[in-house]
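Here is the structure we will look at, set down as C-alpha coordinates.
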Amino acid sequence: MKLPAHVKLVDVGPRDGLQNEQQPVPAAIKIELVHRLQDAGLKNIEVTSFVSPKWVPQMADNAEVMAGIRRQPGVCYSVLTPNLQGFEASLDSRPDEIVVFGAASEAFSQRNINCSIAESIERFRPVVEAARARGIPVRGAMSCTVGCPYEGEIAPERVERLARLMKGIGVQHVGVADTIGVGTPLKVQRALEATLRHFDIDDISGHFHDTYGQALANTLASLEMGVWQFDTSVAGLGGCPYAKGATGNVATEDVVYLLHGLGIATGIDLDKLIDAGQFISDFLGRKSGSRAGTALLNKRAAS
Ligand code: HMG
Ligand code: MG
(Lines give C-alpha, C1' and ligand atoms only; values in the text may rest on other atoms or scores of the structure.)
(Ligands and ions follow the chains in the order given, each with its own letter.)
Protein backbone atom coordinates (compact mmCIF):
# COMPACT_ATOMS: atom_id res chain seq x y z
CA MET A 1 0.00 0.00 0.00
CA LYS A 2 1.69 3.21 -1.17
CA LEU A 3 0.07 6.25 0.38
CA PRO A 4 0.68 9.89 -0.58
CA ALA A 5 3.49 11.54 1.43
CA HIS A 6 1.60 14.79 1.83
CA VAL A 7 -2.09 15.60 2.01
CA LYS A 8 -3.86 18.90 1.41
CA LEU A 9 -6.92 19.58 3.52
CA VAL A 10 -9.52 22.22 2.71
CA ASP A 11 -11.39 23.15 5.86
CA VAL A 12 -14.97 23.75 4.77
CA GLY A 13 -16.18 24.41 8.33
CA PRO A 14 -16.96 28.11 7.92
CA ARG A 15 -19.07 27.33 4.82
CA ASP A 16 -20.41 23.75 4.81
CA GLY A 17 -20.08 23.62 8.59
CA LEU A 18 -22.16 26.67 9.34
CA GLN A 19 -24.53 27.00 6.36
CA ASN A 20 -27.09 24.70 7.95
CA GLU A 21 -27.03 26.24 11.45
CA GLN A 22 -30.45 27.52 12.45
CA GLN A 23 -29.14 30.04 15.00
CA PRO A 24 -27.52 33.09 13.42
CA VAL A 25 -23.74 32.95 13.72
CA PRO A 26 -22.35 36.51 13.77
CA ALA A 27 -19.79 37.43 11.12
CA ALA A 28 -17.25 38.12 13.90
CA ILE A 29 -17.45 34.47 15.03
CA LYS A 30 -17.00 33.20 11.46
CA ILE A 31 -14.00 35.50 11.02
CA GLU A 32 -12.49 34.33 14.31
CA LEU A 33 -12.98 30.72 13.20
CA VAL A 34 -11.13 31.40 9.94
CA HIS A 35 -8.31 33.07 11.91
CA ARG A 36 -8.02 30.11 14.24
CA LEU A 37 -7.95 27.67 11.34
CA GLN A 38 -5.16 29.53 9.58
CA ASP A 39 -3.24 29.85 12.85
CA ALA A 40 -3.49 26.06 13.12
CA GLY A 41 -1.78 25.75 9.73
CA LEU A 42 -4.72 25.29 7.37
CA LYS A 43 -3.67 26.61 3.98
CA ASN A 44 -7.07 26.17 2.33
CA ILE A 45 -10.27 27.46 3.85
CA GLU A 46 -13.73 27.48 2.28
CA VAL A 47 -15.06 30.65 3.80
CA THR A 48 -18.59 31.31 2.54
CA SER A 49 -21.00 31.13 -0.40
CA PHE A 50 -22.42 33.80 -2.66
CA VAL A 51 -25.82 32.13 -2.89
CA SER A 52 -29.31 33.51 -2.47
CA PRO A 53 -29.87 34.71 1.12
CA LYS A 54 -33.46 33.51 0.74
CA TRP A 55 -32.18 29.98 0.18
CA VAL A 56 -29.36 29.99 2.73
CA PRO A 57 -29.78 32.89 5.19
CA GLN A 58 -26.70 31.90 7.21
CA MET A 59 -24.41 32.86 4.30
CA ALA A 60 -25.98 36.33 3.78
CA ASP A 61 -22.96 37.96 5.46
CA ASN A 62 -20.56 36.56 2.81
CA ALA A 63 -18.96 39.90 1.83
CA GLU A 64 -18.66 41.05 5.45
CA VAL A 65 -16.90 37.82 6.45
CA MET A 66 -14.51 37.95 3.50
CA ALA A 67 -13.72 41.62 4.21
CA GLY A 68 -13.05 40.92 7.89
CA ILE A 69 -10.44 38.22 7.40
CA ARG A 70 -6.85 39.09 8.17
CA ARG A 71 -5.37 37.36 5.15
CA GLN A 72 -2.30 35.27 5.62
CA PRO A 73 0.05 34.92 2.63
CA GLY A 74 -0.04 31.41 1.20
CA VAL A 75 -3.60 30.71 2.37
CA CYS A 76 -6.27 30.08 -0.26
CA TYR A 77 -9.71 31.48 0.63
CA SER A 78 -12.45 29.89 -1.50
CA VAL A 79 -16.10 30.75 -1.95
CA LEU A 80 -19.07 29.04 -3.57
CA THR A 81 -20.63 30.76 -6.59
CA PRO A 82 -23.64 28.98 -8.16
CA ASN A 83 -24.18 31.45 -11.00
CA LEU A 84 -22.86 34.64 -12.62
CA GLN A 85 -24.74 36.78 -10.14
CA GLY A 86 -22.93 35.07 -7.26
CA PHE A 87 -19.60 35.18 -9.06
CA GLU A 88 -19.90 38.92 -9.76
CA ALA A 89 -20.96 39.57 -6.17
CA SER A 90 -17.89 37.69 -4.94
CA LEU A 91 -15.33 39.69 -6.91
CA ASP A 92 -14.94 42.57 -4.43
CA SER A 93 -13.99 39.92 -1.88
CA ARG A 94 -11.06 38.76 -4.02
CA PRO A 95 -11.60 34.99 -3.68
CA ASP A 96 -8.51 32.88 -4.38
CA GLU A 97 -10.67 30.10 -5.78
CA ILE A 98 -14.32 29.76 -6.67
CA VAL A 99 -16.47 26.66 -6.45
CA VAL A 100 -19.35 25.82 -8.74
CA PHE A 101 -21.53 23.04 -7.40
CA GLY A 102 -23.49 20.47 -9.32
CA ALA A 103 -24.95 17.05 -8.59
CA ALA A 104 -24.88 13.57 -10.07
CA SER A 105 -28.55 13.28 -9.16
CA GLU A 106 -31.29 15.22 -10.99
CA ALA A 107 -33.54 15.48 -7.95
CA PHE A 108 -30.79 16.91 -5.76
CA SER A 109 -29.80 19.39 -8.46
CA GLN A 110 -33.40 20.63 -8.59
CA ARG A 111 -33.73 20.93 -4.82
CA ASN A 112 -30.32 22.46 -4.17
CA ILE A 113 -29.89 24.88 -7.05
CA ASN A 114 -33.33 24.91 -8.65
CA CYS A 115 -32.35 23.58 -12.07
CA SER A 116 -31.53 20.35 -13.92
CA ILE A 117 -27.98 19.03 -14.25
CA ALA A 118 -27.84 20.17 -17.89
CA GLU A 119 -29.12 23.65 -16.96
CA SER A 120 -26.61 23.89 -14.13
CA ILE A 121 -23.76 23.25 -16.55
CA GLU A 122 -25.04 26.06 -18.79
CA ARG A 123 -25.14 28.35 -15.74
CA PHE A 124 -21.61 27.35 -14.70
CA ARG A 125 -20.13 27.79 -18.18
CA PRO A 126 -19.95 31.63 -18.12
CA VAL A 127 -18.86 31.55 -14.46
CA VAL A 128 -15.93 29.29 -15.28
CA GLU A 129 -15.03 31.37 -18.32
CA ALA A 130 -15.14 34.64 -16.36
CA ALA A 131 -13.14 33.21 -13.46
CA ARG A 132 -10.46 31.70 -15.65
CA ALA A 133 -10.19 34.92 -17.67
CA ARG A 134 -9.29 36.62 -14.37
CA GLY A 135 -6.90 33.86 -13.36
CA ILE A 136 -9.13 32.59 -10.55
CA PRO A 137 -8.95 28.78 -10.26
CA VAL A 138 -12.25 26.88 -10.44
CA ARG A 139 -13.23 23.84 -8.44
CA GLY A 140 -16.39 21.89 -9.14
CA ALA A 141 -18.19 20.20 -6.28
CA MET A 142 -20.04 17.06 -7.39
CA SER A 143 -22.79 16.19 -4.92
CA CYS A 144 -24.50 12.83 -4.46
CA THR A 145 -21.79 10.75 -6.12
CA VAL A 146 -22.78 7.61 -4.20
CA GLY A 147 -26.24 8.30 -2.88
CA CYS A 148 -28.99 10.90 -3.07
CA PRO A 149 -31.56 11.75 -0.40
CA TYR A 150 -34.31 11.69 -3.06
CA GLU A 151 -33.16 9.08 -5.61
CA GLY A 152 -31.26 6.57 -3.49
CA GLU A 153 -28.15 4.87 -4.85
CA ILE A 154 -26.29 6.67 -7.65
CA ALA A 155 -24.48 4.61 -10.29
CA PRO A 156 -20.85 5.47 -11.17
CA GLU A 157 -21.96 6.16 -14.79
CA ARG A 158 -23.81 9.22 -13.55
CA VAL A 159 -20.69 10.46 -11.79
CA GLU A 160 -18.71 9.86 -14.98
CA ARG A 161 -21.25 11.96 -16.91
CA LEU A 162 -21.10 14.87 -14.46
CA ALA A 163 -17.28 14.77 -14.40
CA ARG A 164 -17.28 14.84 -18.22
CA LEU A 165 -19.64 17.83 -18.26
CA MET A 166 -17.56 19.68 -15.67
CA LYS A 167 -14.38 19.00 -17.63
CA GLY A 168 -16.09 20.17 -20.83
CA ILE A 169 -16.71 23.66 -19.46
CA GLY A 170 -13.17 24.10 -18.13
CA VAL A 171 -13.54 23.21 -14.45
CA GLN A 172 -9.99 22.48 -13.27
CA HIS A 173 -10.54 20.34 -10.19
CA VAL A 174 -13.50 18.33 -8.93
CA GLY A 175 -14.57 17.27 -5.48
CA VAL A 176 -16.25 13.89 -5.26
CA ALA A 177 -18.87 14.39 -2.56
CA ASP A 178 -20.79 11.90 -0.50
CA THR A 179 -23.37 14.49 0.47
CA ILE A 180 -25.39 12.26 2.77
CA GLY A 181 -22.57 10.08 4.07
CA VAL A 182 -23.98 6.74 2.89
CA GLY A 183 -20.89 5.64 0.98
CA THR A 184 -18.67 2.74 1.94
CA PRO A 185 -15.08 2.32 0.67
CA LEU A 186 -15.74 0.29 -2.50
CA LYS A 187 -18.61 2.53 -3.58
CA VAL A 188 -16.53 5.63 -3.01
CA GLN A 189 -13.66 4.08 -4.98
CA ARG A 190 -16.09 3.40 -7.90
CA ALA A 191 -17.14 7.08 -7.85
CA LEU A 192 -13.48 8.17 -7.80
CA GLU A 193 -12.64 5.78 -10.67
CA ALA A 194 -15.51 7.25 -12.72
CA THR A 195 -14.14 10.74 -12.07
CA LEU A 196 -10.59 9.65 -12.96
CA ARG A 197 -11.81 9.00 -16.50
CA HIS A 198 -11.85 12.78 -16.98
CA PHE A 199 -9.64 14.28 -14.27
CA ASP A 200 -6.09 13.59 -13.24
CA ILE A 201 -5.50 12.20 -9.74
CA ASP A 202 -3.96 15.57 -8.79
CA ASP A 203 -7.20 17.33 -9.73
CA ILE A 204 -9.58 15.30 -7.59
CA SER A 205 -10.54 15.62 -3.96
CA GLY A 206 -12.80 13.73 -1.58
CA HIS A 207 -15.63 15.39 0.37
CA PHE A 208 -17.20 12.93 2.75
CA HIS A 209 -20.05 13.55 5.14
CA ASP A 210 -20.00 11.20 8.10
CA THR A 211 -23.67 10.34 8.65
CA TYR A 212 -23.05 6.59 8.79
CA GLY A 213 -19.59 6.81 10.38
CA GLN A 214 -17.84 5.79 7.14
CA ALA A 215 -16.02 8.99 6.28
CA LEU A 216 -12.62 8.05 7.75
CA ALA A 217 -12.77 4.63 6.08
CA ASN A 218 -13.68 6.36 2.82
CA THR A 219 -10.77 8.76 3.28
CA LEU A 220 -8.36 5.85 3.72
CA ALA A 221 -9.85 4.08 0.68
CA SER A 222 -9.25 7.27 -1.35
CA LEU A 223 -5.67 7.62 -0.07
CA GLU A 224 -5.05 4.05 -1.23
CA MET A 225 -5.98 5.17 -4.75
CA GLY A 226 -3.55 8.09 -4.53
CA VAL A 227 -6.10 10.83 -3.80
CA TRP A 228 -4.30 13.40 -1.65
CA GLN A 229 -6.80 16.25 -1.32
CA PHE A 230 -9.81 16.27 0.99
CA ASP A 231 -12.46 18.64 2.27
CA THR A 232 -12.93 18.29 6.00
CA SER A 233 -14.70 20.34 8.60
CA VAL A 234 -13.41 21.43 11.99
CA ALA A 235 -15.37 19.81 14.85
CA GLY A 236 -17.21 17.74 12.23
CA LEU A 237 -19.63 20.58 11.55
CA GLY A 238 -21.73 20.59 8.46
CA GLY A 239 -24.70 19.61 6.45
CA CYS A 240 -26.66 20.83 3.52
CA PRO A 241 -30.10 22.38 3.97
CA TYR A 242 -31.26 20.32 0.96
CA ALA A 243 -29.94 16.99 2.31
CA LYS A 244 -32.03 16.54 5.43
CA GLY A 245 -30.74 14.00 7.94
CA ALA A 246 -27.16 14.18 6.70
CA THR A 247 -24.64 15.04 9.37
CA GLY A 248 -21.44 17.02 9.11
CA ASN A 249 -18.30 16.46 7.13
CA VAL A 250 -15.61 14.23 8.50
CA ALA A 251 -13.89 16.19 11.29
CA THR A 252 -10.63 17.83 10.29
CA GLU A 253 -9.15 16.83 13.67
CA ASP A 254 -9.95 13.14 13.05
CA VAL A 255 -8.44 13.20 9.55
CA VAL A 256 -5.30 14.97 10.82
CA TYR A 257 -4.98 12.35 13.58
CA LEU A 258 -5.34 9.56 11.01
CA LEU A 259 -2.86 11.14 8.59
CA HIS A 260 -0.21 11.91 11.20
CA GLY A 261 -0.58 8.36 12.49
CA LEU A 262 0.12 7.12 8.97
CA GLY A 263 3.22 9.33 8.78
CA ILE A 264 1.59 11.64 6.22
CA ALA A 265 2.44 15.35 6.48
CA THR A 266 -0.33 17.97 6.65
CA GLY A 267 1.44 21.06 8.03
CA ILE A 268 -1.35 21.30 10.61
CA ASP A 269 -0.88 21.75 14.36
CA LEU A 270 -3.43 19.34 15.84
CA ASP A 271 -3.48 21.06 19.24
CA LYS A 272 -4.32 24.44 17.78
CA LEU A 273 -6.88 22.84 15.48
CA ILE A 274 -8.58 21.22 18.48
CA ASP A 275 -8.78 24.64 20.13
CA ALA A 276 -10.42 26.03 16.98
CA GLY A 277 -12.93 23.15 17.11
CA GLN A 278 -13.63 23.84 20.78
CA PHE A 279 -14.09 27.56 20.08
CA ILE A 280 -16.85 26.98 17.52
CA SER A 281 -18.46 24.12 19.48
CA ASP A 282 -18.63 26.35 22.58
CA PHE A 283 -20.24 29.09 20.54
CA LEU A 284 -22.82 26.69 19.12
CA GLY A 285 -23.39 25.23 22.58
CA ARG A 286 -22.77 21.65 21.60
CA LYS A 287 -20.19 18.92 21.88
CA SER A 288 -17.58 18.74 19.14
CA GLY A 289 -18.28 16.12 16.47
CA SER A 290 -14.60 15.17 16.44
CA ARG A 291 -13.70 11.97 18.27
CA ALA A 292 -9.96 12.71 18.27
CA GLY A 293 -10.62 16.29 19.42
CA THR A 294 -12.75 15.09 22.33
CA ALA A 295 -10.27 12.38 23.33
CA LEU A 296 -7.31 14.74 23.28
CA LEU A 297 -9.20 17.42 25.21
CA ASN A 298 -10.11 14.84 27.87
CA LYS A 299 -6.47 13.80 28.03
CA ARG A 300 -5.40 17.43 28.41
CA ALA A 301 -7.92 17.97 31.22
CA ALA A 302 -6.66 14.86 33.06
CA SER A 303 -2.98 15.81 32.91
P1 HMG B 1 -33.23 30.71 -8.30
O2 HMG B 1 -34.39 31.15 -7.46
O3 HMG B 1 -33.48 29.67 -9.34
O4 HMG B 1 -32.47 31.96 -8.97
O5 HMG B 1 -32.09 30.19 -7.32
P6 HMG B 1 -32.97 33.05 -9.98
O7 HMG B 1 -31.82 33.32 -10.87
O8 HMG B 1 -34.28 32.67 -10.57
O9 HMG B 1 -33.18 34.33 -9.05
C10 HMG B 1 -34.21 34.38 -8.08
C11 HMG B 1 -33.84 35.35 -6.96
O12 HMG B 1 -32.62 34.94 -6.35
C13 HMG B 1 -33.59 36.77 -7.45
O14 HMG B 1 -33.93 37.64 -6.37
C15 HMG B 1 -32.09 36.83 -7.61
O16 HMG B 1 -31.58 38.14 -7.47
C17 HMG B 1 -31.63 35.97 -6.46
P18 HMG B 1 -35.37 38.37 -6.28
O19 HMG B 1 -35.47 39.11 -7.58
O20 HMG B 1 -36.39 37.27 -6.16
O21 HMG B 1 -35.24 39.24 -5.07
N22 HMG B 1 -30.32 35.33 -6.70
C23 HMG B 1 -29.24 35.51 -5.93
N24 HMG B 1 -29.04 36.25 -4.81
C25 HMG B 1 -27.79 36.21 -4.28
N26 HMG B 1 -26.76 35.49 -4.80
C27 HMG B 1 -26.94 34.75 -5.90
C28 HMG B 1 -28.22 34.74 -6.52
N29 HMG B 1 -28.73 34.14 -7.61
C30 HMG B 1 -30.00 34.51 -7.71
N31 HMG B 1 -25.93 34.04 -6.39
C32 HMG B 1 -29.83 29.69 -6.73
C33 HMG B 1 -30.89 29.64 -7.82
C34 HMG B 1 -28.67 28.87 -7.18
C35 HMG B 1 -29.41 31.14 -6.51
C36 HMG B 1 -30.46 29.15 -5.42
O37 HMG B 1 -30.99 27.90 -5.68
C38 HMG B 1 -29.46 29.04 -4.31
O39 HMG B 1 -28.99 30.04 -3.78
N40 HMG B 1 -29.11 27.82 -3.91
C41 HMG B 1 -28.08 27.64 -2.90
C42 HMG B 1 -28.09 26.29 -2.38
C43 HMG B 1 -26.91 26.11 -1.44
O44 HMG B 1 -26.19 27.03 -1.08
N45 HMG B 1 -26.75 24.85 -1.01
C46 HMG B 1 -25.67 24.52 -0.13
C47 HMG B 1 -24.33 24.52 -0.79
S48 HMG B 1 -24.02 23.07 -1.78
C49 HMG B 1 -23.51 21.89 -0.62
O50 HMG B 1 -23.55 22.11 0.56
C51 HMG B 1 -22.92 20.59 -1.14
C52 HMG B 1 -21.39 20.54 -1.02
O53 HMG B 1 -20.98 20.69 0.32
C54 HMG B 1 -20.90 19.20 -1.55
C55 HMG B 1 -21.68 18.04 -0.93
O56 HMG B 1 -21.58 17.78 0.27
O57 HMG B 1 -22.43 17.44 -1.71
C58 HMG B 1 -20.71 21.64 -1.84
MG1 MG C 1 -20.95 19.12 1.79
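The values are calculated or read from the model by the stated rules, or taken from the named source; none is laboratory data. Fair warning: this is a prediction, and the values are worked out from it, not measured in the lab. So basically every Cβ, Gly included, is an ideal-geometry build from the backbone, and we count neighbours across all protein chains shown. Accessible surface is based on the protein model in full, side chains and every heavy atom, while ligands, DNA and RNA are left aside. Shrake-Rupley method; radii C 1.70, N 1.55, O 1.52, S 1.80 Å.
Here are the numbers for the structure shown:
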| read-out | value |
| --- | --- |
| Subset of Lys43/Lys299; Lys8/Lys187; Lys8/Lys43 violating a 20 Å alpha-carbon distance limit | Lys43/Lys299; Lys8/Lys187 |
| For region 163-177, Karplus couplings with θ = phi - 60° (6.51, -1.76, 1.60), whole Hz, Gly/Pro x | 4, 4, 5, 5, 4, x, 9, x, 5, 8, 8, 10, x, 8, 9 |
| Partnerless cysteines, meaning none of the other Cys C-beta atoms lie under 4.7 Å away, in the chain | Cys76, Cys115, Cys240 |
| Kirkwood Rh in Å, taken over region 248-303 so that all alpha-carbon pairs contribute | 11.6 Å |
| Principal semi-axes in Å for region 216-255 [√(5λ), Cα gyration tensor, largest first] | 21, 12, 8 |
| Straight-distance crosslink candidates among lysines, where the alpha carbon sits under 20 Å from Lys54 and sequence neighbours closer than 8 are dropped | Lys30, Lys244 |
| Alpha-carbon spread of region 115-214, three principal axes, descending order, Å | 41, 30, 21 |
| Percent breakdown of C-alpha pair distances by 10 Å bin, ordered from the shortest bin, for region 178-303 | 13, 41, 34, 10, 1, 0 |
| Bridge type composition, region 8-302 - antiparallel percent by DSSP, nearest 5 | 10 percent |
| Alpha-carbon Debye profile of region 189-263, log10 I(q)/I(0) at 0.12, 0.13 Å⁻¹ | -0.33, -0.39 |
| Apportionment of accessible area to carbon and sulfur, the chain, percent (1.4 Å) | 52 percent |
| Region 252-303 versus region 143-193: alpha-carbon centroid distance in Å | 29 Å |
| Accessible area (Å², per residue) of the chain, counting only protein heavy atoms and a probe of 1.4 Å | 41 Å² |
| Solvent exposure, largest accessible area first (probe 1.4 Å, DNA, RNA and ligands not counted), of Arg197, Arg15, Arg71, Arg94 | Arg197, Arg94, Arg71, Arg15 |
| Ala67 paired with Lys8, simple spin-label distance in nm, labels 7 Å along Cα-to-beta-carbon | 3.0 nm |
| Theoretical FRET efficiency, 1/(1+(r/R0)^6), r = Cβ-Cβ of Glu129 and Glu224, R0 35 Å, to 0.05 | 0.45 |
| Where only C-alpha atoms are counted, convex hull volume of the chain per residue in Å³ | 117 Å³ |
